[in-house]
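**Q** Structure below; questions to follow.
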Amino acid sequence: MQYTSDQLRRRNQSLWTPVQAVAAAIQFVIFIISVGLVIRFFATGQGYEIATVFGVTKVLLLYFMTVTGMAWEDEVFGQLFLAKEFFWEDIGNLLSLSGNTVYLATLLLGLPKEIQMIALCVALATYVINFAQFARRGMKSARQKRASAAAVNHQMAQ
């Protein structure tokens, strides 16, 4: 899917575009750290508390990104959620929200630490799927932006 010229203009002018970009970078760093902390927990039995802090931070950041992403989607596509142009990304986000919410539920229910960490692994795996979708869209969008700029430059040169 390519953006229409109006969608591209709205995306480039949206306050939410840089908010999403910065939050996504922070979320990726937290994801990497979380993976390391979960591996440490399963390998040594240590680090449950810090893995939990990072896991919960990751979930809260996902919720933040979902809300701000809905504002972005409304600005760019005129629909808060499940706009046809962003449908599959939103489905991926719902999958990730589900996995991450299950992790939070294991914490709130006080399930054994091992179960919580398994749920965190599932949550982190759903993030990978969601991240791959957004990375793919981001690369396509960057190509479209470069092609659009090249076309404008070509027209100006003539």
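**Q** Output the number of residues of segment 48-65 satisfying the condition of being of a type in the set (A, V, I, L, M, F, W, C), in contact (Cβ under 8 Å) with a residue 12 or more places away in the chain and more than 19 Å from residue 94 (Cβ to Cβ).
**A** Going through segment 48-65 one residue at a time, the tally reaches 4.
**Q** Tell me which helices (runs of 4 or more DSSP H) are completely within segment 1-82 and hold 1 or more residues being charged (D, E, K, R) and within 18 Å of residue 128 (Cα to Cα), or say none if there are none. I'd like the intermediate steps shown before the answer.
**A** Working: elements: 5-13, 16-44, 48-77.
Filter on segment 1-82 gives 48-77.
**Q** Quick check on my filter: what residues within segment 14-33 are under 13 Å from the mean Cα position of the chain (by Cα) and hydrophobic (A, V, I, L, M, F, W, C)?
**A** 19, 21, 22, 23, 24, 25, 26, 28, 29, 30, 31
**Q** Okay, moving on. Taking segment 86-143 as the search range and keeping residues that are among the polar types (S, T, N, Q) and in contact (Cβ under 8 Å) with a residue 60 or more places away in the chain, which one is nearest to residue 46 (Cα to Cα)?
**A** Only one residue tops the list, namely 116.
Quick grid of which residues meet (1) at pLDDT below 95; (2) surrounded by 17 or more Cβ atoms within 10 Å (Cβ to Cβ):
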position: 86; (1), (2): yes, yes
position: 96; (1), (2): yes, yes
position: 110; (1), (2): no, no
position: 117; (1), (2): no, yes
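**Q** Does residue 95 satisfy being not acidic (Asp, Glu) and not in a helix (DSSP H, G or I)?
**A** Considered against the rule, which asks whether it is not acidic (Asp, Glu) and not in a helix (DSSP H, G or I), residue 95 comes out as no.
The values are calculated or read from the model by the stated rules, or taken from the named source; none is laboratory data. Remember, predicted model here, so these are calculated numbers, not experimental data. As a convention, Cβ positions derive from the backbone with ideal geometry for all residues, glycine included, and neighbour counts pool all protein chains shown.
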